[in-house]
Amino acid sequence: MGTAAPLRRPPRVTVLLAICAAITPGVQAALPRQTLESVAALRPHIAGTFTRPTGFTRTAAGHYLVFDRGGHSVHSVDAAMTDTVRLVAIGHEPGKVIQPVAFSAAPDGSFVIADAPQGRRRIQLFASNGLRLRGFYLPGRFEPLVSLNGVPLNGVASVQYDGESIFLNLPETGSLIVEYTIDGTVRRTIGALRTTGHESDPDLHFALNTGVPLVHPQGGFYFVFQTGEPRLRRYSADGSLQYERVIQGRELDELRAAQPGRWSRRKQGDRELPIVPPLVRTAAVDGHGRLWVALVPPFTYVFDGEGDKVRVVQFRAAGLLSPTSLSFAPGGQVLVTPGCYVFDPRGRD
């Protein structure tokens, strides 16, 4: 029996299929999944002293910073990962932190912590040695609308710091990103809120505009929506919208299909707040401007500068990790919590 000739599409059909794929938003061939194995980690005797590390960065000087949210503290770890010093301790007073929700560090080792003493939203700036430099309060109380496993994701939990400005996602201001000076003065706002269909319910509308603001190393910003339909936006340095992309893939299909048409609510004080589960845990930008988006399932999507998804990766150490934070060391390595592991982003050949 002869071998059947391969089926060939007429040229016109091929062209039509290509055109349809090009004009269909968000349609993209499934990418193979790649597993990144850890290449280093904090020594067990050091990692074991932290209660719930949710921030792990490396400074230009070579040492590491660990934000222990559960321990209400920040620690410095030497370059050899053999010794640690506590820089910031628990407390209500200035220079200490209580109920911290977020941490962000600049390459020079200075860092900011967002906490909530007595429910008030506070931002504090520290030098690399833990000395408090400045601090200010934001108006209003801290009432998390979006959380994952008890960890708040919205409001001051979205803090980003680039060494000169502090960026927060505060949709109640009418914008996605608010840029503050280190003295607590609003410098500008960036990005219009997206339409949700729930504008008459401000709490739900704001929760569906929760996301992560990120500074692009070549200028401008990313914003990643964590709730509702996950999307990313790219803004220029002057705050103009350059593009918007839907974040989708087979790893998200089940969660996207389970999104409710009506949102349940919980009692908090004299208010009933909507319960809005996220689809995105966190995000970060590498030194080449690629955007890494960690999903609630244990997968991370990587997007190039044009907003196209180019990789699907998983992080493996003792087991598969679901990142609670991502950062990039000066040498390009990916630093991940929980566990305080280091990964080579290139993976294995």
For region 147-168, enumerate the residues that are among the hydroxyl-bearing types (Ser, Thr, Tyr) and either out of contact with any strand residue (DSSP E or B) (no Cβ under 9 Å at 6 or more places or on another chain) or farther than 12 Å from residue 281 by Cα (or both). 161, 165
Check region 313-325 and report whether any residue there is closer than 22 Å to residue 158 by Cα, surrounded by 15 or more Cβ atoms within 10 Å (Cβ to Cβ), free of Cβ contacts under 8 Å to residues at least 24 places away in the same chain and under 19 Å from the mean Cα position of the chain (by Cα). yes
By my count, strands (runs of 3 or more DSSP E) wholly in region 188-276 with at least 1 residues that are among the hydrophobic types (A, V, I, L, M, F, W, C), in contact (Cβ under 8 Å) with a residue 12 or more places away in the chain and in contact with a Lys or Arg (Cβ under 9 Å, 6 or more places away or on another chain) are 221-225, 231-235, 241-246, 271-274
Just wondering, is there one or more residues in region 287-294 that are touching a residue at least 60 places away in the same chain (Cβ under 8 Å), farther than 14 Å from residue 31 by Cβ and crowded, with 20+ Cβ neighbours inside 10 Å? yes
Looking at region 183-219 only, could you name the residues that are hydrophobic (A, V, I, L, M, F, W, C), over 17 Å from the mean Cα position of the chain (by Cα) and under 23 Å from residue 141 (Cβ atoms)? 186, 193, 204, 206
For region 255-271, which residues satisfy the criterion of being of a type outside the set (Gly, Ala, Ser) and more than 21 Å from the chain's Cα centre (by Cα)? 260, 262, 263, 265, 266, 267, 268, 270, 271
Enumerate the pairs (first residue in region 90-103 and of a type in the set (Ser, Thr, Tyr); second residue anywhere and in a loop (DSSP other than H, G, I, E, B) and surrounded by 14 or more Cβ atoms within 10 Å (Cβ to Cβ)) with beta-carbon separation below 8 Å, excluding pairs fewer than 6 apart on the same chain, so at least 6 apart or on different chains. none
Give the residues of region 38-54 that are part of a loop (DSSP other than H, G, I, E, B) and either β-branched (Val, Ile, Thr) or within 25 Å of the chain's Cα centre (by Cα) (or both), sorted by residue number. 42, 48, 49, 50, 51, 52
Please go through (1) farther than 25 Å from residue 205 by Cα; (2) touching a residue at least 60 places away in the same chain (Cβ under 8 Å); (3) hydroxyl-bearing (Ser, Thr, Tyr) for residue 282 and return the number of the only condition it doesn't satisfy. (1)
Checked region 62-82 for anything in contact (Cβ under 8 Å) with a residue 24 or more places away in the chain, surrounded by fewer than 18 Cβ atoms within 10 Å (Cβ to Cβ) and more than 20 Å from residue 334 (Cβ to Cβ); matches are 82
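Values quoted throughout were computed directly from the atomic coordinates according to the rules given, and no laboratory measurement underlies them. This one's a predicted model, so the numbers in the text were calculated from it and none came from an experiment. Glycine also receives a Cβ, built like all others from the backbone with ideal geometry; neighbour counts cover every protein chain displayed.
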